[in-house]
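Attaching a single structure in structure tokens format; questions to follow.
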């Protein structure tokens, strides 16, 4: 059986009752990825490292594209001239020569970590510098019964999680609840960047007629990335944070948490859920 590129096999000792079992275990791979940018007019091209993220190898180009888009660095896929790799853990994104670059937007990235300690007001003000204006209220609705079935449909697609139990996933569905595609990564923000980056490359943005399912909790950064992609309905298997709810309300998004066991909580945008 061919092993997934995101899985490593390591020898372990498993303690079971009074027995010690020598066996192989499958673990999710975690490696750094450096994202570098090349930019500037002809004759004055510059290159700079803009991010180092710990990720699960695979879908590195969508990850880099999604990151640059959700951070407000590139407006669309046409802004990219060429993509190349230095090593398996370093990727270079060359922008078109006519693209003006404001790297100060990357400072917002430091606001979005849950441990940074800045207040919610500062985080939201930093977000507004890159996020598009609030989405208009949408008329489409989805049945609560469709929401109930989303986690099972995602789990069927989580090949690496099934083997390791150590990955986050972001999945995209249409308004009928039909599964479209998903991405997995050891970092929940990376999984969503991979998903949005894939949609960006396929010219499918904005995703305003789709719904997003997160395999874990819904934090501020994930709602920000969803808003950048135009997503109007986010469902999470876990809990949202207070700032995630505040952001969803500000951007007219529907936010649902604790989607499991035939139940869920609506934290924002109840008008899109048909009970």
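Tally the residues that are under 21 Å from residue 174 (Cβ atoms) and out of contact with any strand residue (DSSP E or B) (no Cβ under 7 Å at 6 or more places or on another chain), restricting the search to the range 212-250.
Initial filter on the range 212-250 (under 21 Å from residue 174 (Cβ atoms)): 212-215, 218, 222-223, 225-237, 248.
Then drop every residue that is not out of contact with any strand residue (DSSP E or B) (no Cβ under 7 Å at 6 or more places or on another chain), which leaves 225, 227-230.
Residues that pass the stated criteria total 5.
Given the structure, is residue 157 on the phi < 0 side of the Ramachandran plot, in a helix (DSSP H, G or I), touching a strand residue (DSSP E or B) at 6+ places or on another chain (Cβ under 9 Å) and surrounded by fewer than 22 Cβ atoms within 10 Å (Cβ to Cβ)? Please lay out each step first, then the result.
Values: on the phi < 0 side of the Ramachandran plot: yes; in a helix (DSSP H, G or I): no; touching a strand residue (DSSP E or B) at 6+ places or on another chain (Cβ under 9 Å): yes; surrounded by fewer than 22 Cβ atoms within 10 Å (Cβ to Cβ): yes.
No: the conditions fail for residue 157.
A further question follows. For residue 213, are the conditions met, namely being in contact with a helix residue (DSSP H, G or I) (Cβ under 8 Å, 6 or more places away or on another chain), surrounded by 22 or more Cβ atoms within 10 Å (Cβ to Cβ) and closer than 16 Å to residue 144 by Cα?
Details: in contact with a helix residue (DSSP H, G or I) (Cβ under 8 Å, 6 or more places away or on another chain): yes; surrounded by 22 or more Cβ atoms within 10 Å (Cβ to Cβ): yes; closer than 16 Å to residue 144 by Cα: yes.
Yes.
Is it the case that the range 192-200 has a residue that's in a loop (DSSP other than H, G, I, E, B) and outside the structural domain of residue 75 (by TED's automatic domain parsing)? Let's see the steps before the verdict.
Applying the first criterion (in a loop (DSSP other than H, G, I, E, B)) to the range 192-200 yields none.
Checking the range 192-200: not a single residue is in a loop (DSSP other than H, G, I, E, B) and outside the structural domain of residue 75 (by TED's automatic domain parsing).
The values are calculated or read from the model by the stated rules, or taken from the named source; none is laboratory data. Every value quoted in this text rests on a predicted model; they were computed, and no experiment measured them. Positions of Cβ are generated from backbone atoms using ideal geometry, with glycine treated the same way; all protein chains shown enter the neighbour counts.
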